[in-house]
Amino acid sequence: MAITQARTMPGVLELLPLDQVAFQSMLDAVRRNFERFGFLPIETPVMEFSSLLLTKEGGESERQVYFVQSTGSMEQGEKPELALRFDLTVPLARYVAEHEHDLTFPFRRYQIQRVYRGERAQRGRFREFYQCDIDVVGKDSLSVRFDAELPAVIYNVFRDLAIGAFTIQINNRKLMCGWLEGLGLADSERQGAVLREIDKLDKRGADAVRETLTNDTFGVAADVVHKLLDFVAFRSTSLAHAYAKLDSLGSGSEALEQGRAELKEVLGLIKAFGVPESHFALNLSIARGLDYYTGTVYETILNDHPQIGSICSGGRYENLASHYTKSRLPGVGISIGATRLFWQLREAGLLRGGRSTVQVLVAQMDDNELPRYLELATELRTAGINTEAVIEPGKLAKQFKYADRAGIRFVLVLGPDEIAKGVVTVKDLRKQDQFEVTRAQLAETLRVEIEQAAAMHRA
């Protein structure tokens with residue numbers, strides 16, 4: 001029989017066990033902080049009706065959709081009725097519209113699931129990846145105060161991940177649109193196009209953006225582009241610095257005044273939510289490329305690794321589910337692309353390797369004593385210690401080698417001498433040390449050793 005080559009399709013991240021443990025630890029830290037702020041979990045199906053999934057105005061994501069079709073439908077020449085979700089926002093819109101009368105508003109949800117996009121195969125770009133989203137959705141209205149809460153969530157998540165200094169960058173699209181109006185760019189479509197270019201400033205550089213905005217397609221006057229680029233170059237160094245800049249803008253259109261007022265309130269409340277001034281800043285170039293956003297926008301960067309780009313982004317929107325319900329459902333949300341973030345952090349050497357979730361291995365000295373070893377393993381599991389028992393007989397040295405390769409730190413030996421004395425020998429493979437402990441004190445002793453080892457790993 002011919003053997004099919006075992007290979008992974010491009011655009012997915014398949015990890016070895018200890019790397020998977022590290023990735024799962026990241027997701028656990030994200031989930032823990034989402035729940036700490038009072039967000040509730042939901043899950044939506046990986047597939048949605050194509051007619052529902054593609055009702056937004058066409059964008060890059062929608063052009064990368066994977067359609068789903070059964071073999072029978074294909075044989076009958078039917079068009080795909082289903083498609084894999086390309087983000088978690090469209091499914092959320094459908095979810096809220098469908099369950100609107102059963103939900104409590106403001107609806108606070110988090111969702112950690114895979115999404116799928118037909119990305120061109122290249123290093124660091126994924127076709128299947130985890131997104132971690134939170135949103136607060138209101139009914140008819142939603143206070144801008146919620147816009148200030150999400151940076152506090154971001155701060156707590158990345159503080160716990162301990163991946164280095166980071167800054168949550170904040171802006172407001174109303175302020176941006178109002179400023180563009182003052183420069184004579186009042187048309188909403190033209191504003192959207194200009195903002196999409198401004199959003200590329202950090203990636204492309206000021207000269208490239210200037211060239212694009214002044215070309216025949218955009219046709220923005222050179223002096224206007226100069227004023228615009230000077231405006232968006234601002235980055236605050238403190239809350240007082242941000243306030244001073246906003247006050248210096250002078251009077252402007254209704255949009256500018258709304259944006260300024262919202263930014264002032266949001267920036268002040270972020271500090272009240274417990275985020276140090278060192279971890280957030282006003283960045284007037286943050287626009288977010290999607291016209292979907294209407295007010296506050298966020299991007300988070302690692303200070304020492306700006307080449308990684310935004311590690312968490314999002315913003316305010318006015319009507320989440322306009323395609324599915326007549327109700328007005330404004331909201332604010334953020335998203336962490338967990339798979340890409342994990343890959344980037346690993347590539348940059350910012351992640352520690354994962355530790356085995358198996359805390360103890362019970363070795364086998366004598367095959368005839370297997371019931372005794374299994375009893376010991378059961379005692380430890382009952383005490384809350386993750387324990388593996390060696391089931392098949394083999395040389396003790398080979399069992400130690402297995403534990404070391406599998407990342408299991410503690411190996412328990414229960415031989416004739418230990419049985420006679422009522423003790424167990426604990427071998428610490430990290431310290432290359434061993435000690436004896438009574439059977440009665442074993443579980444508590446191991447708990448202390450495991451906690452100390454975990455504390456050293458976190459330090």
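Each principal axis of the Cα atoms in segment 409-454 has its own extent, and those three values, largest first, are 32, 21, 11 angstrom.
Pairwise Cα separations in the chain fall into 10 Å bins from 0 onward with the following percentages, short to long: 4, 17, 23, 21, 15, 11, 6, 3, 1, 0. In terms of the mean number of neighbouring beta-carbon atoms within 10 Å, the peptides 304-311, 346-353 order highest first as 304-311, 346-353.
With neighbours defined as other Cβ atoms within 10 Å of a residue's Cβ, the residues ARG94, ARG316 order from fewest to most as ARG94, ARG316. Potential lengthening of the chain between ARG190 and MET74 amounts to 37.5 nm, from the contour at 0.36 nm per residue minus the alpha-carbon distance.
Can you tell which of VAL144, PRO91, PHE126 lies farthest toward the positive end of the dipole of segment 85-165, using +1 and -1 charges on the Cβ of basic and acidic side chains (Lys, Arg; Asp, Glu)? Most positive-ward Cα: PHE126. Residues MET1, MET176, MET74, arranged from fewest to most other Cβ atoms within 10 angstrom of their Cβ, appear as MET1, MET74, MET176.
When TRP343, TRP179 are ordered from fewest to most other Cβ atoms inside 10 Å of their Cβ, what list results?
TRP343, TRP179
Each principal axis of the Cα cloud of segment 360-458 was evaluated for its coordinate range; sorted largest first, these ranges are 40, 29, 22 Å. Helix content alone sets the calculated 222 nm mean residue ellipticity of the chain: runs of n ≥ 4 DSSP H residues at -39500 (n - 2.57) each, divided across all residues, give -12000 deg cm²/dmol. Distance from the alpha carbon centroid of segment 423-453 to that of segment 142-186 works out to 49 angstrom. If the segment from ASP404 to GLU14 were pulled out straight at 0.36 nm per residue, it would be longer than the present Cα-Cα gap by 138.1 nm. Along segment 19-31 the Karplus relation, 6.51 cos²θ - 1.76 cosθ + 1.60 evaluated at θ = phi - 60°, assigns HN-Hα couplings of 5, 5, 4, 5, 5, 5, 5, 4, 4, 5, 5, 5, 4 Hz to successive residues, with x for each Gly and Pro.
What would the Debye formula give as log10 I(q)/I(0) at q = 0.11, 0.12, 0.17, 0.21 Å⁻¹ for the alpha-carbon point model of segment 214-360, no solvent? Once normalised to I(0) and log-transformed, intensities are -0.61, -0.71, -1.20, -1.42. Restricting the calculation to Cα atoms, every distinct pair contributes to the Kirkwood radius of segment 243-309, found to be 13.7 Å. Sorting the segments 165-173, 208-216 by their residues' average number of neighbouring beta-carbon atoms within 10 angstrom, most packed first, yields 165-173, 208-216.
Note on ASP207/LEU374: beta-carbon distance plugged into 1/(1 + (r/R0)^6) with R0 of 45 Å gives a FRET efficiency of 0.05. With a ≥ b ≥ c the root eigenvalues of the C-alpha gyration tensor of segment 1-111, is it rounded (a/c under 1.5), prolate (a/b larger than b/c) or oblate? Oblate shape, in that a/c is at least 1.5 and b/c is the bigger or equal ratio.
Every number here is computed from the coordinates shown, using simple stated rules; none is lab data. Treat the numbers as computed from the prediction; the structure is a model and nothing was measured. Counting neighbours? That spans all protein chains shown, and the Cβs are built from the backbone with ideal geometry, glycine included.
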